[in-house]
Amino acid sequence: MASRSVNKVILLGNLGKDADTKFTPSGISLSKFSLATTRRTKDPQSGEWKDITDWHNIVMWRTENIANYLLKGKKIYLEGRIESRSYEDKEGQKKYITEVVCDANNAVLLGGGAGGGDRGDSVPDSPGDFAQPVSMPRSAQRPQPAAAPAAPADEFSQGITDDDVPF
């Protein structure tokens, strides 16, 4: 029986720079960007809390629909796998790189972060700033249909009571 293994990464963080998007000869889009995740730890000597930021190299395939929204500061949730590879640099030295590879289908752009004119890092004003996933500009989102007017209660009753229901 073959052994099974798992290579799965889940990240929630902010883009460190605008994504660099290119296309393969067959027309499949590929976006590369860095993603910052932050964790808090307590310094054992001073007792103060410190934020530690980790940077991840992300390679995302099939980004045709979201490439324009992969901008510095944007918050994103993604699922992918870790891949390590090596290459030779211009001086002939072997270099190693580790990347998180994912598909745009496994990513969700979240509200908040920098957008529009302000391209700097921004902090949300409230937790609700991240509640609404964004896959298109808010101005292009479809309006929600208006609720149907409530019908008078006796219009649908037709004389049926709870005793008439068989369960």
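One table, with the values for the structure above:
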item	result
Top-ranked residue in region 62-112 [being basic (Lys, Arg) and closer than 16 Å to residue 33 by Cα; ranked as surrounded by the fewest Cβ atoms within 10 Å (Cβ to Cβ)]	81
Residues within region 15-38 that are polar (S, T, N, Q) and either part of a loop (DSSP other than H, G, I, E, B) or within 16 Å of residue 106 (Cα to Cα) (or both), tallied	4
Test: residue in region 92-101 that is of a type in the set (Val, Ile, Thr), out of contact with any His (no Cβ under 6 Å at 6 or more places or on another chain) and in a loop (DSSP other than H, G, I, E, B)	no
Residue count, region 35-51 (criterion: under 25 Å from the mean Cα position of the chain (by Cα) and either under 22 Å from residue 18 (Cα atoms) or among the polar types (S, T, N, Q) (or both))	5
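Where a number appears in this text, it was derived from the coordinates with a stated rule and is not lab data. What you are looking at is a predicted structure, and each value in this text was computed from that prediction instead of being measured. All Cβ positions, even for glycine, are placed from backbone atoms using ideal geometry, and neighbour counts span all protein chains on display.
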